[in-house]
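Read-outs: derived from the displayed coordinates by stated rules, not from any lab. The shown structure was predicted, so the numbers you read here are calculated from the model rather than taken from an experiment. Note that we place each Cβ from the backbone using ideal geometry, even for glycine, and neighbour counts take in every protein chain shown.
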Amino acid sequence: MQLPTSKAEIKAYIPHRYPFLFLNRVLCCGSNKIIAESDILAADPHFVGHFPERPILPGVLMIEIVAQAGALLTEMTGQVSKGKFMAFSSVESAKFKKSVHPDTTLTVEADIVKQRGPFFRYSGTVSENGQTVATVDFTAARIDFR
C-alpha cells in the first residue's frame, strides 16, 4: 500500500477539507495502527481567536486530529465500504499534558483497539518532538454518506 504523503492524497480517503483537514502525511500504516503528521502553522485560522497574544492549539482540535488519523486508518485498510464514512460516536477520555503552539509538527498515532459491527474503538496519542502532549480514547462508527 502506498502511503499518502500530502493533504491532496489524504483527501482521496477521508471527506475532510480545508480548513478542517489537519493531517499532512502518513509515516506508516498497518492493519490496526497508523502514524501520521500534522503541521501546526501560525497562519491556521483557529489561532486568530485562540489566543491572539499567545496562540495555543485548542484541545478539541487535538482530539479531531487523532480522530482523522483513526478514520484514515480505517479507510486505508479497506474497512469502510463505498458510500460510508467514519463519524464520531463518543470520546471516552482525553488528557492534555502540554500546550501546543504554532510552527511545529505533531506526530499522531491511532490504534484500532476493538471493532464490533459498525463501531470502532480507538486509542491515540499526539506528540511533539517525542514528548506526549495528548492522549485520546474514542469510538467512531461507519455510517452512510448522505
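Distance between the pseudo-spin-label points of Ala141 and Val91 (7 Å out from Cα toward the beta carbon): 1.9 nm.
A Cβ-based charge dipole, computed about the Cα centre of the chain with Lys and Arg at +1 and Asp and Glu at -1, lands at about 500 debye.
Along its three principal directions, the equivalent ellipsoid of segment 56-146 from the Cα gyration tensor extends over semi-axes of 25, 12, 11 Å, largest first. Shown is the FRET efficiency for Ser6 and Thr132, computed with R0 = 22 Å from the Cβ-Cβ distance and rounded to the nearest 0.05: 0.25.
Working from label points 7 Å from Cα in the Cα-to-Cβ sense, the Thr105 to Cys28 distance is 1.6 nm.
Computed from Cα atoms, the angle from the helix 59-76 axis to the main principal axis of the chain rounds to 30 degrees. Between the C-alpha center of segment 90-108 and that of segment 8-84 there is a gap of 12 Å.
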